[in-house]
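Notes to accompany the following structure.
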Amino acid sequence: MTKYIFVTGGVTSSLGKGIISASLAKLLQARGYRVTIQKFDPYINIDPGTLNPYEHGECYVTEDGAETDLDLGHYERFLNVPTTQANNITTGRIYQNVINKEREGAYLGKTVQVVPHITDEIKRNMRLLGESGDYDIVITELGGTVGDIESLPFIEAVRQLKWEVGSNNAIVIHLTLIPFLAAAGELKTKPTQHSVKMLLEYGIQPDILVCRTEHHISQDIRKKIALFCNVNINAVIESIDAKTIYDVPLLMLKEQLDRTVLSKLKLPLKNEPDLESWKDFLGRLKNPTAEIRVGLVGKYVELPDAYKSITESFIHAGAQNECKVRVECIHSEGITEENVKAKLSHLDGVLVAPGFGNRGIEGKIIAIQFVRENNIPFFGICLGMQCAVIEFGRNVLGLTHAHSTEMDESTEHAVISMMEEQKKITLKGGTMRLGSYTCELKKGTKAHAIYGKSKITERHRHRYEFNNDFLTQYENAGMIASGINPENNLVEIIELKSHPYFVAAQFHPELKSTVANPHPLFVKFVAASIEYARKKN
Ligand code: GLN
């Protein structure tokens, strides 16, 4: 039977439930268990696809084309196992399912209520992955903080599910904060006590407390927390601030979180966790032999979470190259022809980020012109690729009005235009070209050399594409389509023949980079930037 672990959060948001869940999953996986993690989010959007990145950070896209919470990115990066739509459920989706069933007549004669109908639907979804038979353990992370009005039905569903499957088959880990009061020079346990008390009010006794802290928690404090929160002392787990999130599995191993979990779930320890390759990665990450600075040009740079997968991919690719990659976020809105040199010339490589809409677009185009003309390594992703096409059209091909119809619907040089299949779509939610598609790489191109094969699959999230009417003109001038979707000829990768490293993709390579499998496009971009830095000095 599948075992269930629920991870709740108390005291404050941003304690890192996603990282704790992913770290625990990593340890259990390293002991030989089949583990997955799912996230239940209390907001009413059906998925985060319609949210501005400022609201909720990056929107992570799965292989099957689900637009999901960025924590799923952490799950994949840690576990190296793909997630699906089933791994991320929101209140919106739960209500939508219930309301659809009501309209179908599934509850004929009954008053449809939060309890039992909404909670039943939550429980059904919580069990879905477990019932697939693919996993020994399912970790469910509950978004939000205990005590939020909107989290209540989820907490109630956990209480019921725990009762239904029995306490040997489901446990609750509560993530909480032990603040340090500088004035008193003390760590304080009261917020944790209150938070556990609140969970108790809802009928849930947490089995394990993971305590986020900036300072080590003494044995006395552990005892105090254990006594007042009614848990075993070995179930009080310290989670101290880490230098990198990739240290957290090892910190949790030291705290024996995996052992405590397995003992509560009455599961054997199996082998000691095999973390050799993980430690190897950490070793390379922490002992770089080179250092580069890359610019991340985007318009959501005030919120680092907006480009989470990109910055994590740089960490994987940096470790692979034994190089510290300093990512400098540059606001595309602030880049002008006058200041572009001052803003970019010290960089060893420039990545132009994905995005939507007109704001900041001209700054991206100016940045690309600068790196193209100065032979600085360039990497464009999605909108970043589209901007590279626009820039080349305007400045090399003389198509003065080159633009995307996303920004200028009636431009006479629509080098980026809306995909045919998108033209009839009116609904905004979940209707982009999403998820995994095949791409064929042309032999003899940089892309082919980078991947070392001809057929790849990559994940997508876009409505616009390269306009193939212009392809011959571009290729004759040296910007070639090195990756093409074989089914519909959509241009997936472009590169410049005469530039040391100028590669851009319509898809999102950052969504597939993991600790175990750093993405080749990031690895090679970092390598090209190292090379550029070496020559420059
Ligand atoms: N806005 C562009 C499109 O829809 C690019 C999308 C993206 O960067 N994810 O095609």
Original post:
What nm value, rounded to one decimal, do you get for the distance between T426 and N287 when each label is placed 7 Å out toward the C-beta?
Top reply: 6.3 nm
**OP:** Could you sort 336-345, 500-509 so that the peptide with the highest average Cβ count within 10 Å comes first and the rest follow in order?
**Re:** 500-509, 336-345
Original post:
So what's the angle, to the nearest 10 degrees on a 0 to 90 scale, between helix 276-286 and the longest Cα principal axis of the chain?
Top reply: 60 degrees
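Per residue, what accessible area does the chain have, given a 1.4 Å probe and all protein chains present, in Å²?
Values: 22080 Å² over 537 residues.
Roughly 41 Å² per residue, with all protein chains present.
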Original post:
Which peptide among 154-162, 288-296 comes first, and what is the full order, when sorted by highest mean count of other Cβ atoms within 10 Å?
Top reply: 154-162, 288-296
**OP:** Taking all protein chains together and a probe of 1.4 Å, list W163, W278 from the most accessible to the least accessible.
**Re:** W163, W278
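Tally Lys/Arg at +1 and Asp/Glu at -1 over every other residue whose Cβ is under 15 Å from the Cβ of E465; what's the total?
Every neighbour counted, the sum reads -3.
Counting Lys +1, Arg +1, Asp -1, Glu -1, what net charge surrounds E409 among other residues with beta carbon under 15 Å of its beta carbon? Provide the component values of the computation, followed by the final result.
Numbers: positive: K423, R463; negative: E406, D408, E412.
That works out to -1.
Hey, with R₀ at 45 Å, roughly what FRET efficiency would A183 and E131 work out to, going by the Cβ-Cβ distance, to 0.05? Kindly include the intermediate steps, with their values, before the conclusion.
Working: r = 52 Å, r/R0 = 1.15.
That gives a FRET efficiency of 0.30.
Could you compute Rg(Cα) / (2.2 N^0.38 Å) for the chain, with N its residue count?
Values: Rg = 24.8 Å, N = 537, 2.2 N^0.38 = 24.0 Å.
Relative to the 2.2 N^0.38 Å estimate, the chain comes out at 1.04.
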Original post:
How would you rank 512-520, 382-390, highest first, on the average number of other Cβ atoms within 10 Å across their residues?
Top reply: 382-390, 512-520
Subject >> Heavy-atom accessible area order for E328, E214, E440, largest first, 1.4 Å probe >> reply: E214, E440, E328
Subject >> Separation of the A86 and E487 label points, Cα + 7 Å toward Cβ, nm >> reply: 2.2 nm
Original post:
When the helices in the chain are scored as -39500 (n - 2.57) per DSSP H run of 4 or longer and the sum is shared across all residues, what 222 nm value do you end up with, to the nearest 500 deg cm²/dmol?
Top reply: -10500 deg cm²/dmol
**OP:** Taking a cut-off of 19 Å between Cα atoms, list the lysines near K279, but don't count ones fewer than 8 places away on the same chain.
**Re:** K26, K243, K254, K324
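The values are calculated or read from the model by the stated rules, or taken from the named source; none is laboratory data. Everything quoted here is computed from the prediction, not taken from an experiment. Note: ideal-geometry Cβ built from the backbone for every residue, glycine included; neighbour counts use all protein chains shown. Keep in mind that these areas ignore ligands, DNA and RNA; they rest on the heavy atoms of the full protein, side chains included. Shrake-Rupley method; radii C 1.70, N 1.55, O 1.52, S 1.80 Å.
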